[in-house]
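Asks: I'd like to ask you about the structure that follows.
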């Protein structure tokens, strides 16, 4: 209960600061990366004047599902100067949300689209906002509602069988991915912003540790936004029913899931049907309509966004834009337009104008992949993702604290161990990322030196020329510990001449989950660069207590796009935890707490990292 109350308090803060604006698998499995695309495109500006001076709203619309549950919807339509609805049929944009369509606080109705000839419909999923039912976070019953929502939209007077697009960030991006896989005949285009791919690996149990920052916060936001019933005066009976359903969902789903995760209950602590049902990556290969994916280098779904693009591009037209964003900034495309990249609203408008209105406006000719590049501090277009020009380079963690391309010597000594404890990383780039970006611009987000005091660091010599990293990174860590388990957090930073250590990306791994499925891992130049861990009970491997046997752990470090400028250094730091991002479940803490962990650095046990490096000519 204490975790839930904390979540509610932080959720209130988030509300005051945030604003809206088959049998698939993760691509690249078991293969060397390569690309068929060889040239980059440049962005072309796109703007279109408003066609209608105003908008009009229909609130508290009711959509009845096949089991009798009533969902709440809000509708925004083009209007004349007097604010009266303009009659006629319009292509319609649908947003399926858990954040209360009537309140419009996060990812609400978008007048930018409506004034340019669209209708926008926002619908609360069951058990959220003004809708009845019990919220179970993307379970099969909820997903079965999505095409029924589109059936209702297609029958309305403003649509009459119109073409439908879907739009929205975060929750609303995830629902689009699940809906698109169901191939509704009216669904013609998608614009998911900061969507999730793999629920277990992207966010909830990254590396086998429970997400203690975002998950309670997220569930608190869904509940907090569902309690104020904005449609109470229009339909008091339904509003009361929705209010009671929201409260019931807290006890039936949210609190039990949080508690099970914290204590390490098997049904949620391991990957399986519960998380696969809620992971869009496993059905993304069934999508056949154009999709524009927006992500962020510091987004909570940083791992999954490029992986979704990689799956989508095999079967449909797909685009990928990665900005310098945490989750809140990515939801709105903060800072755009910049470097020729239009505002997010105008990119989406161009996308829908082509795919819903049939306008020949060049949307398909815009760059396939655009990424912000740390170090260059600007956007750069790429031919594809993964970058077809990347090559694998291995760096070794040396016992003297250096990071070198030369392998270590036989018997080379290691640095002193770190001590296993759960609250390391409290002031780091990761802290800002997993609190949705609320610490952006503070020293905790821009300089990791405070965190590195309790970590082991390995630093390269300053580079003589720029060094461009683009893609996922793998750390192969050899270690010893007297305990049954340990956590390994690996951070990648760029160190400036004045010593500031800016975190580019990181990864976390519980030693007990170190088993690797080589057939589903990614390789580059014959070297594994993105390990795939099963995270199942059957694959779990505890260490022998007190044996101190050297053990290798492959740590997946989430993808990034960064230039380490000439004069700067590459640093790898290794530590015990990444608070508040993640912590081992309580039942595993006792198998780790206060144990020394020694990172080995010898020819026999050469700890190293493999990075994807793009030539300077790019």
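Asks: So if I check each of 544, 501, 519, 494, which one is at pLDDT below 95 and more than 19 Å from residue 419 (Cβ to Cβ)? Reasoning before the result, please.
Replies: Values: 501 fails: at pLDDT below 95; 519 fails: at pLDDT below 95; 494 fails: at pLDDT below 95.
Of 544, 501, 519, 494, the one residue that is at pLDDT below 95 and more than 19 Å from residue 419 (Cβ to Cβ) is 544.
Asks: Residue check: is residue 309 within 25 Å of residue 204 (Cβ to Cβ) and in contact with a strand residue (DSSP E or B) (Cβ under 8 Å, 6 or more places away or on another chain)?
Replies: Working: within 25 Å of residue 204 (Cβ to Cβ): yes; in contact with a strand residue (DSSP E or B) (Cβ under 8 Å, 6 or more places away or on another chain): yes.
For residue 309, the condition - within 25 Å of residue 204 (Cβ to Cβ) and in contact with a strand residue (DSSP E or B) (Cβ under 8 Å, 6 or more places away or on another chain) - is met.
Asks: Could you list all residues from the range 42-100 that are farther than 30 Å from residue 138 by Cα and assigned to a strand (DSSP E or B)?
Replies: The initial filter retains those residues of the range 42-100 that are farther than 30 Å from residue 138 by Cα, namely 42-56, 78-89.
The answer is 54, 55, 56, 78, 79, 85.
Asks: Can you tell me which residue among 598, 536 is more than 21 Å from residue 505 (Cα to Cα) and under 28 Å from the mean Cα position of the chain (by Cα)?
Replies: On the way: 598 fails: under 28 Å from the mean Cα position of the chain (by Cα).
Being more than 21 Å from residue 505 (Cα to Cα) and under 28 Å from the mean Cα position of the chain (by Cα) holds for just one of 598, 536, which is 536.
Asks: What residue, among those in the range 477-488 that are crowded, with 20+ Cβ neighbours inside 10 Å and part of a strand (DSSP E or B), is modelled with the lowest pLDDT?
Replies: 487
Asks: Output the residue which, of all residues in the range 111-123 that are surrounded by 24 or more Cβ atoms within 10 Å (Cβ to Cβ) and in contact with a helix residue (DSSP H, G or I) (Cβ under 8 Å, 6 or more places away or on another chain), is nearest to residue 65 (Cα to Cα). Working first, answer last.
Replies: As a first pass, look at the range 111-123 and keep what is surrounded by 24 or more Cβ atoms within 10 Å (Cβ to Cβ): 113-114, 118-123.
Among the residues that remain, those that are also in contact with a helix residue (DSSP H, G or I) (Cβ under 8 Å, 6 or more places away or on another chain) are: 113, 118, 120-121, 123.
Working: 113: 27, 118: 25, 120: 20, 121: 17, 123: 12 Å.
The qualifying residue nearest to residue 65 (Cα to Cα) is 123.
Asks: Might you check whether a residue that is at pLDDT 95 or above and either out of contact with any helix residue (DSSP H, G or I) (no Cβ under 7 Å at 6 or more places or on another chain) or outside the structural domain of residue 348 (by TED's automatic domain parsing) (or both) occurs anywhere in the range 213-222?
Replies: As a first pass, look at the range 213-222 and keep what is at pLDDT 95 or above: none.
No, every residue in the range 213-222 fails to be at pLDDT 95 or above and either out of contact with any helix residue (DSSP H, G or I) (no Cβ under 7 Å at 6 or more places or on another chain) or outside the structural domain of residue 348 (by TED's automatic domain parsing) (or both).
Asks: Continuing with the same structure: Counting only residues that are surrounded by 24 or more Cβ atoms within 10 Å (Cβ to Cβ) and touching a strand residue (DSSP E or B) at 6+ places or on another chain (Cβ under 8 Å), how many does the range 287-300 have? Before you say what the answer is, go through the steps one by one.
Replies: Residues of the range 287-300 surrounded by 24 or more Cβ atoms within 10 Å (Cβ to Cβ): 287, 291-300.
Adding the requirement that they be touching a strand residue (DSSP E or B) at 6+ places or on another chain (Cβ under 8 Å) leaves 287, 291-297.
Residues flagged as surrounded by 24 or more Cβ atoms within 10 Å (Cβ to Cβ) and touching a strand residue (DSSP E or B) at 6+ places or on another chain (Cβ under 8 Å) within the range 287-300 amount to 8.
The values are calculated or read from the model by the stated rules, or taken from the named source; none is laboratory data. Since this is a predicted model, take the numbers as computed values, not measurements. When we count neighbours, we look across all protein chains shown, and the Cβ atoms used for this are built from the backbone with ideal geometry, even at glycine.
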